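This is the structure, below, for whatever I ask next.
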Amino acid sequence: MTTLLNDSVALGGRKGGSGETLQIRGGHPLSGTVDVKGAKNLVTKAMVASLLGDTASILHDVPDISDVAVVRSLLEVHGVRVQDGDAEGSLVLDPRDVESAHMEEIDAHAGASRIPILFCGPLLHRLGQAFIPDLGGCRIGDRPIDFHLDALRKFGAVVEKLPSGIRLSAPGGLHGANIHLPYPSVGATEQVLLTAVRSRGVTELKNAAIEPEIMDLIAVLQKMGAIISYEPNRVILIEGVDDLRGYEHRAIFDRNEAASWASAALATDGEIFVGGAKQQEMLTFLNIFRKSGGWFDVREDGILFRRGGDLRPVVVETDVHPGFMTDWQQPLIVALTQATGESIVHETVYENRFGFTDALNKMGAKIAVHPHGLQNGVRRVPRRTLEQAAVITGPTPLTGADITVPDLRGGYSHVIAALTAEGTSTVRNVGIISRGYEKFFDKLTGLGADFDVVG
Ligand code: EPZ
């Protein structure tokens, strides 16, 4: 039973508490259906891409999450008219009156997001200049933007670092470049795509990220009139064009949210049908899900997830696509605390992405985080200064505790851990979860979670 105690808008688009603190009574399986909308990590970028068009764009399956709200207000500050479309979850983005915004206005709207950095290319093409405030985003590492700035300079941009952000200009306009990323960075790949499509000449991007969300952004840009070819071995070629028009696009589903609910079913021994989930983009996740004792059934309109028997320990290394996504490990680790034996999760993408395990240990889990990753042979990317491996020894019954959410995916895992634990937990700072999970409270309620919004 869920009680929403006070009267202000909460997570999940429902009346309720401030959405910051939950009291959760755990120990019950989560069972039922959730629908996932468009991927947070595509939709926000497709919205930025609309800046490049000479006419309005329409984006479908846009989730009601705060990361979208941040990008919407940033676009509006730059003169883009953003309106809700006819269909639920559709946006109409009209960039025909784009003008530069004032620095303080942009700063006020940047919020805890990393998306503003992707405004560089589109604003330089339209206005010849841009100011990008210091970035937010989850504290899961130092999250530099050196790959972005190096690429922009190669396109001919002049980058000036200010105390509150960066100012860019393109005195001679932007021209095609040969860029070889040191690491297949998702954001840097998007930066290059959004800049190259209207730069004079050809751009060759090597060691590009090829996540499904990247391929969907390429589809969006191609609809706008861009000429982009995806070559073997992570090479992307872009032939710059003078003009782009608006697009109409239905966003790829959010495979990070789908994987989160799958892990929730595993951890709580429930059964969750994730509407909108597709097998193709989740192949690696589904293999690990099955190896850890999960069972799934792929259907036309989604995937059913539950346990297939006893949970089993697994050894997982996160990697760039098509590897096991770094965003999938946090919810899975909650389930692995219930597996009999020793699991290892080796995080190779971010240098500080196991902070959430402190709370799990407080609840009774046995997770040791080692600052240096597992020694192994050939690696795709140069050894990073800090890699991390978490060793999870189970099964360990979890008991309710007072815990605070550290970041988006870790926060989701805190809630699932509280739902898995026996007894009552207080989970604080849950507002951050609204950045990436639409109608989170409603979905939990629909799955039978027993919680109150208490503050
Ligand atoms: C995107 O972050 C996603 N965020 C992340 O999802 C996701 O975990 C990540 O890609 C990896 O798939 C969005 O799309 C908004 P990266 P991004 O550039 O683009 C280093 C979530 O929970 N790097 O691929 O920031 C960086 O520090 C979020 O939805 C540099 O060193 O990721 C990291 O170690 C969390 N210099 C690695 O590369 C740079 O200039 C991967 O980063 C850029 C990145």
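The values are calculated or read from the model by the stated rules, or taken from the named source; none is laboratory data. Note that the structure is a prediction, hence the values are computed from the model and not measured. As a convention, Cβ positions derive from the backbone with ideal geometry for all residues, glycine included, and neighbour counts pool all protein chains shown. What goes into the accessible areas is simple: the full protein's heavy atoms, side chains included, and nothing from ligands, DNA or RNA. Shrake-Rupley method; radii C 1.70, N 1.55, O 1.52, S 1.80 Å.
For the cross-link pairs 37/362; 45/206; 40/362, which exceed 27 Å when the distance is taken from alpha carbon to alpha carbon? Don't skip to the end; give the middle numbers.
On the way: 37/362 33 Å; 45/206 20 Å; 40/362 30 Å.
Pairs exceeding the cut-off: 37/362; 40/362.
When you count, for each residue, the other Cβ atoms within 10 Å and take the mean per peptide, how do 238-247, 157-166 rank with the highest first? Don't skip to the end; give the middle numbers.
Numbers: 238-247: 17.4, 157-166: 14.6.
Highest to lowest by the protection proxy: 238-247, 157-166.
Is the shape of the range 40-250 rounded, prolate or oblate, going by the alpha carbon gyration tensor and its root eigenvalues a ≥ b ≥ c, with a/c under 1.5 for rounded and a/b larger than b/c for prolate? Write down the numbers at each step before the final one.
Values: a/c = 1.29, a/b = 1.11, b/c = 1.16.
Rounded, because the longest to shortest axis ratio a/c is under 1.5.
How many percent of the accessible area of the range 40-250 is carbon or sulfur, using a 1.4 Å probe?
Details: 3940 of 8130 Å².
With neighbouring chains kept in place, the figure for the range 40-250 is 48 percent.
Still on this model: Counting Lys and Arg as +1 and Asp and Glu as -1, what is the net charge of the other residues whose Cβ lies under 11 Å from the Cβ of residue 121?
+1
Still on this model: Net charge near residue 331: determine it from the other residues with C-beta under 12 Å of the C-beta of residue 331, scoring Lys and Arg +1 and Asp and Glu -1.
On the way: positive: 409; negative: 257, 327.
Taking every Cβ under 12 Å from that of residue 331, the sum is -1.
Continuing with the same structure: What do you reckon, how do 343, 66 stack up by accessible area (1.4 Å probe), largest on top?
Working: 343 0, 66 40 Å².
The ordering from most to least exposed comes out as 66, 343.
For residue 223, what accessible area in Å² do you get when you roll a 1.4 Å probe over the heavy atoms of the protein chains, rounding to the nearest 10?
90
While we're on this one: Roughly how much of residue 412 is accessible, in Å² to the nearest 10, using a 1.4 Å probe?
Approximately 0 Å² of residue 412 is accessible to the 1.4 Å probe.
In vacuo Debye scattering of the chain, one point per C-alpha: log10 I(q)/I(0) at q = 0.10 Å⁻¹?
Here log10 of I(q) over I(0) equals -0.72.
Give the accessible surface of the chain per residue, rounded to a whole number of Å², with probe radius 1.4 Å and ligands, DNA and RNA excluded.
Heavy-atom SASA per residue in the chain reads 37 Å².
So how far apart, in nm, are the two label points at residue 229 and residue 297 if each is 7 Å from Cα heading toward Cβ?
4.5
Using the Cβ atoms and a cut-off under 11 Å, what net charge is assigned to the surroundings of residue 164, where Lys and Arg are +1 and Asp and Glu are -1? Don't jump to the answer; show the numbers that get you there.
Numbers: positive: 161, 167; negative: 104, 107, 134.
It works out to a net charge of -1.
Count the DSSP beta bridges whose two residues both fall in the chain, then state the antiparallel fraction as a percent rounded to the nearest 5.
On the way: 60 of 82 bridges.
Given both bridge residues lie in the chain, the antiparallel proportion sits at roughly 75 percent.
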